[in-house]
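The values are calculated or read from the model by the stated rules, or taken from the named source; none is laboratory data. Because the structure is predicted, anything quoted here is derived from the model rather than measured. Using ideal geometry, Cβ is built from the backbone for each residue, glycine included, and neighbour counts are taken over all protein chains shown. Ligands, DNA and RNA are excluded from the accessible area calculation, which covers all protein heavy atoms including side chains. Shrake-Rupley method; radii C 1.70, N 1.55, O 1.52, S 1.80 Å.
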Amino acid sequence: ELAGLQGCEHRYKTVLKEKAGAIKAAGGAKGEEVLQLEERGAFLESQKKELGEAISTGRTALDTTQQVLSSLDSAEGWGTWDLFGGGLIADLAKHSHLDEAQGSIECLQSQLRQFKTELADVTIHADMQVNVDGFLRFADYFFDGLFADWAGLDKITQSQSQVQRTKGQIESVLSRLDSMLNAVEQEQAQVRNQLDTLVLNTQC
């Protein structure tokens with residue numbers, strides 16, 4: 001019995017789509033309503049795609065902030081040891097981790113610019129673009145010669161605070177994006193149900 005029903009869902013959707021086309025072709029209020037629901041559905045699908053891309057880019061940037069923090073934490077540890085006579089080995093290890101942090105920061109800066117671009121495509125809430133410029137300003141902090149002066153733990157601590165603030169900002173925006181994605185998916189389900197009900201109950 002199941003074998004005989006194989007593909008029935010696909011056939012059902014195909015017939016439903018054909019009937020929707022017939023209703024639109026017939027014109028009138030019902031045809032206009034079907035058209036509006038389809039247009040809304042297409043817009044929501046586009047927004048879902050844009051939100052997904054923004055979330056993916058944001059999560060990548062978030063992972064990079066963790067890499068930066070890990071390098072800075074290691075540099076801080078070696079720096080502390082250096083204060084207690086760690087010597088050349090501690091000094092070299094500290095600067096090696098600072099070099100790692102700088103490399104990750106350069107990568108993060110590029111990711112944040114891409115994140116800003118992705119957010120510009122999200123049109124459900126225009127205020128989603130706030131704070132992103134702050135991310136980019138933060139990255140510039142690492143390109144003003146401070147690495148040459150990072151012999152002291154104070155500079156490392158300042159940088160850790162900067163990265164933590166940026167990480168928090170990204171997490172905040174990602175939380176809002178996740179909420180928006182959930183809202184879009186819920187509305188998509190509502191629109192599909194409304195469209196199916198309308199098509200099923202309309203006589204051609």
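Things worth noting here:
- Among the numbered conditions (1) assigned to a helix (DSSP H, G or I); (2) farther than 30 Å from Arg176 by Cα, the only one that Glu1 does not meet is (1).
- Hits in the stretch 23-78 - residues which are under 30 Å from Gln160 (Cβ atoms), among the polar types (S, T, N, Q), in contact (Cβ under 8 Å) with a residue 60 or more places away in the chain and open to solvent by less than 40 Å² (accessible area, probe 1.4 Å): Thr57, Thr65
- Candidate set from the stretch 164-204 (those that are farther than 30 Å from Ile105 by Cβ and small (Gly, Ala, Ser)); member that is farthest from the chain's Cα centre (by Cα): Ala189
- Condition broken by Ser110, with the remaining ones in (1) at pLDDT 70 or above; (2) over 17 Å from Lys167 (Cα atoms) satisfied: (2)
- For the criterion of being in a helix (DSSP H, G or I) and free of Cβ contacts under 8 Å to residues at least 40 places away in the same chain, Gln190 passes.
- Qualifying residue in the stretch 96-105 (condition: open to solvent by 60 Å² or more (accessible area, probe 1.4 Å) and modelled with pLDDT of 65 or more): yes
- Within the stretch 150-197, considering residues that are in contact with an Asp or Glu (Cβ under 8 Å, 6 or more places away or on another chain) and at pLDDT below 90, the one surrounded by the fewest Cβ atoms within 10 Å (Cβ to Cβ): Thr157
- Residue among Ala120, Ala126 that alone is at pLDDT below 75 and out of contact with any Asp or Glu (no Cβ under 8 Å at 6 or more places or on another chain): Ala126
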